[in-house]
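Worksheet: one structure, shown below.
The numbers here are math on the coordinates, done by the rules we state, and not lab data. The structure presented is a predicted model; accordingly, all values stated were derived computationally and were not measured. Because the Cβ atoms are built from the backbone with ideal geometry, glycine has one as well, and the counts that use them run over all protein chains shown.
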Amino acid sequence: MISEQEILNASILIVDDQEANVLLLDHILKGAGYACIASTMDPREVCELHRKNHYDLILLDLLMPGMDGFQVMEGLKEIEPDGYLPVLVITAQPDHKLRALQAGAKDFISKPFDLVEVQTRIHNMLEVRLLYKKLENSNKVLERTVLERTAQLRESEARFRRLTELSSDWYWEQDENGHFTKIFGPVLEMLGIRVDDALYKTREEQGAGWNEAEREMLEANLASRQPFLDFVYSRTNPDGSLRYLMVSGEPMFDPSGRFIGYRGIGKDVTETMRHKHEPAS
């Protein structure tokens, strides 16, 4: 919410070629407690003044010599990239009100001035304008926070991968369809799998050489979308020898809780398994 003090401290620019109108509006505003009031009788100064001061409200007379209020609003549009013109027009011509609103003005004050109308419209427009600015600032803070959190997440993932590289032979990720999307480490060379096969084919499509019973057990683990630890399975090499691999993995979910795949680590445990299966001498 916007406090009354925030509204009274808002910056206001009065633009009218008639000094009497400027003095009257200044008197009305100061009498209502507004503290930051500026004015000009030259409409050609408005855009530069707004560029420097970013007024919360511009009270703009429409009928002025040399440059009317409609031309001033066209110039202000170039300064307000979001298209929000904080302009309240002043006019004695009823047919100008709709045209002014279509040109970007947010409200209008009729001449001759009615004290209650002037104070009410100014107060209401400032409240809306300050709420708009607060929302805009909140969105910028939120966007900055998201960028910071994303950077932190990427750094966390990088640390995770560095740690897994120290404790395993390779790191892998796959999508919800079982396609490998990331592989780090020498697993391709170990298994004789091409890079294209590893990244774009599923485990089933790569399946030559796997132990079917073990592969089905691994598939069941993955299909259950549960984490698994130190699962050992084997693959027959082209020369007929067995290679034993140990993998651990965990499911990944997006912020909404939707399953998006698996990630995990793997290690070649061939030597360990061979020693385990060797008969005791």
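For the range 254-265, what does the Karplus curve 6.51 cos²θ - 1.76 cosθ + 1.60, with θ = phi - 60°, yield as ³J(HN,Hα) per residue in whole Hz, taken in order and with x for Gly and Pro?
Going residue by residue, I get 7, x, 8, x, 7, 5, 10, x, 10, 9, x, 10 Hz, with x marking Gly and Pro.
Hey, with R₀ at 45 Å, roughly what FRET efficiency would LYS182 and LEU135 work out to, going by the Cβ-Cβ distance, to 0.05?
Between LYS182 and LEU135 the formula returns 0.70.
Using amide H atoms built 1.01 Å from N in the peptide plane, name the residues 5+ places from ILE260, or on other chains, whose amide H lies under 5 Å from its own.
MET252, PHE253, ASP254
Apply the Karplus parameterisation 6.51 cos²θ - 1.76 cosθ + 1.60, with θ equal to phi minus 60°, to every residue of the range 56-64 and state each ³J(HN,Hα) to the nearest whole Hz, in sequence, with x for glycine and proline.
7, 8, 10, 8, 10, 6, 7, 9, 9
Rank by packing, highest mean first: peptides 96-108, 132-144, with packing defined as the count of other Cβ atoms within 10 Å averaged across residues.
Top to bottom by mean Cβ count within 10 Å: 96-108, 132-144.
I need the phi-derived Karplus couplings for the range 128-138: 6.51 cos²θ - 1.76 cosθ + 1.60, θ = phi - 60°, integer Hz, Gly and Pro marked x.
These are the phi-based 3J(HN,Hα) values: 5, 4, 5, 5, 4, 5, 5, 5, 4, 5, 5 Hz.
Describe numerically, in nm with one decimal, the distance between label points set 7 Å from Cα along Cα→Cβ at TYR84 and at LYS276.
That separation, rounded to one decimal, is 6.5 nm.
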